[in-house]
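Since the structure comes first, as structure tokens, the remarks are kept for the end.
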Amino acid sequence: MRIILLGTPGGGKGTQAKLICDHLSIPHISTGDIFRTKIKEGSPEGKEISEYMQKGQLVPDRLTISLVEERLKKDDCQKGFLLDGFPRDENQAKALDLILKKKEEHIDFVFLIDVPKEIIVDRILGRRVCPKCGESYHIKYNPPKIEGKCDVCGTALIHRADDQEDIILDRLTIYSQTTAPILDFYQEKGILHKIQGDGSIQDIFSQISEIVDANK
Ligand code: AMP
């Protein structure tokens, strides 16, 4: 099953992505994570990516699209995948269509996790992530068992540089300008499902799993 998960930054996409991927045994492909790995490797490509990300700007398509294409060629994607953070705009959506067409594949479901704006800033400001294993927490809604430490691997949690308030507002503006048009693109294909994202983690997951399970 090939799935795209869309939604504003901080709308709970990462958390739902993990649940869906475990449920369907498919890989979770997050462009944000791919970029963070490249940055850690310290290559010239990573340095360029880091300059955009730190400002909350989109990484150019020439880097983004080729990294996604490379990732989708890996063996673990044969039975399906979940894309999180990609496509971010219409150009990327069309590029993805072409990449999949070459492999005679198509996207089965696009889920949009719809969260009211006032909730988002609160969610992002409280978000803490593990720089080692990628596990994500919220200081109020999903705190780690030991303050500041990852439950999974014990590493000290961090507040991402692009999760600060002024950067969040920039990211939200970029999101509504660029991502909103791709909703029409997928709506026309008849594969867009809007999910109410202001409930609990389990509520949101139930809405999604009902749809995928009915089409398994
Ligand atoms: P995320 O982890 O999805 O919130 O992404 C963090 C940052 O990575 C974004 O603010 C962008 O700078 C960059 N990024 C992630 N996905 C993309 C994409 N599909 N196209 C361009 N930039 C992206």
Being more than 10 Å from the ligand (Cβ to nearest atom), under 25 Å from I201 (Cα atoms) and assigned to a loop (DSSP other than H, G, I, E, B) is the requirement here; does I20 meet it? no
Would it be correct to say that F35 is in contact (Cβ under 8 Å) with a residue 40 or more places away in the chain and of a type in the set (F, W, Y)? no
Can you confirm whether G148 is among the small types (G, A, S), within 25 Å of R88 (Cβ to Cβ), surrounded by fewer than 17 Cβ atoms within 10 Å (Cβ to Cβ) and away from the ligand (no atom under 16 Å from the Cβ)? no
Positions within the stretch 29-48 being open to solvent by less than 60 Å² (accessible area, probe 1.4 Å) and within 17 Å of the chain's Cα centre (by Cα), in sequence order: I29, S30, T31, G32, I34, F35, K38
Within the stretch 188-216, restricting attention to residues that are in contact with a strand residue (DSSP E or B) (Cβ under 9 Å, 6 or more places away or on another chain), open to solvent by 70 Å² or more (accessible area, probe 1.4 Å) and outside any loop (DSSP other than H, G, I, E, B), which residue is farthest from D122 (Cα to Cα)? K189
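The values are calculated or read from the model by the stated rules, or taken from the named source; none is laboratory data. The structure displayed is predicted, hence computed values, not measured ones. Positions of Cβ are generated from backbone atoms using ideal geometry, with glycine treated the same way; all protein chains shown enter the neighbour counts. Remember, those area values only see protein heavy atoms, side chains included, never the ligands or the DNA or RNA. Shrake-Rupley method; radii C 1.70, N 1.55, O 1.52, S 1.80 Å.
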